[in-house]
Structure formats: C-alpha cells, structure tokens
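Here's the structure we're looking at; comments come further down.
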Amino acid sequence: MKFIKTTLIISTLVFSASGLAMDKTAAGAVAGAAIGAATGKDVKSTVGGAVVGAGTGAMFKNGDKGKAARKGGAVGAAVGAGAAAITGNSVLKGAAVGAGSGALIGEATH
C-alpha cells in the first residue's frame, strides 16, 4: 500500500508539472485530488484535496484574478477556521478547506 501511495504522489507531481499549459486552478485541483485520494480514507478526502488544490492554484495566478483569489482565500480561511472551532473539528483542516473555497469564489466572482 505504501508503494501505491508513493507512486500516486510521484505521478501526480509529474502530471502537475506537465500541466503548466493547463490552467493553474485545474492543475491544482487534479494534483490535490490525487494527493487526497492517496493519503485519505474516503471520497471526502479526495474532494477536500481537490478544493484545497484548486484554491491554491487560483491563488498563484497573476493579475486581478489572482489578487481576488488571494483575498477570497484569506477570508475563507478565517471563516473555515472559525466554523471548525465552533463545531469541534480540526481548525487547520477547516482553514485549509475554507481558504480553497474562498479562493475559488474570489476568482469566480472577479
């Protein structure tokens, strides 16, 4: 199982490097989903990885879309961390998913 996870992570890195021609948001989503699937236990981990990866990719964009994604990510991280703390879940995980979601919303609304 460890070999399979390592192979998935390495192939994800190769794919994301070749995805430079792809949109950074899409490349981040693919890489995040693969890493979430490799390291997680269920589909929820894959989806969470895709959201975080897509948000991270959106934040690395240049120009106005990247700036809007970074602002949305900052707000989303604060909201996600607060919601996780109130519900008794992991604050770091809440901040990560909130930042990814906020970045995607910031990019989409720009």
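Residue count for segment 32-46 satisfying the condition of being aliphatic (A, V, I, L, M) and open to solvent by 60 Å² or more (accessible area, probe 1.4 Å): 2.
Filtering segment 69-102 to residues that are open to solvent by less than 50 Å² (accessible area, probe 1.4 Å) and over 23 Å from Ala33 (Cβ atoms) leaves only Gly82.
Each row is one residue, and each column tells you yes or no for (1) among the small types (Gly, Ala, Ser); (2) farther than 17 Å from Gly53 by Cα.
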residue	(1), (2)
Lys71	no, no
Ala85	yes, yes
Gly94	yes, no
Ile105	no, no
Thr109	no, yes
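Within segment 52-68, the set of residues being open to solvent by 60 Å² or more (accessible area, probe 1.4 Å) and in contact with a Lys or Arg (Cβ under 8 Å, 6 or more places away or on another chain) comprises just one member, Phe60. In the condition set (1) of a type outside the set (Val, Ile, Thr); (2) over 17 Å from Ala31 (Cβ atoms); (3) surrounded by 14 or more Cβ atoms within 10 Å (Cβ to Cβ), Gly49 is compliant with all but (2).
Determine whether Gly80 is free of Cβ contacts under 8 Å to residues at least 24 places away in the same chain and of a type outside the set (Lys, Arg). It is true that Gly80 is free of Cβ contacts under 8 Å to residues at least 24 places away in the same chain and of a type outside the set (Lys, Arg).
The values are calculated or read from the model by the stated rules, or taken from the named source; none is laboratory data. It should be emphasised that the depicted structure is a prediction, and the values quoted were computed from it without experimental measurement. Every residue, glycine among them, receives a Cβ derived from its backbone with ideal geometry; neighbour counts consider all protein chains shown. These area figures cover heavy atoms from the full protein model, side chains too; ligands, DNA and RNA do not enter into them. Shrake-Rupley method; radii C 1.70, N 1.55, O 1.52, S 1.80 Å.
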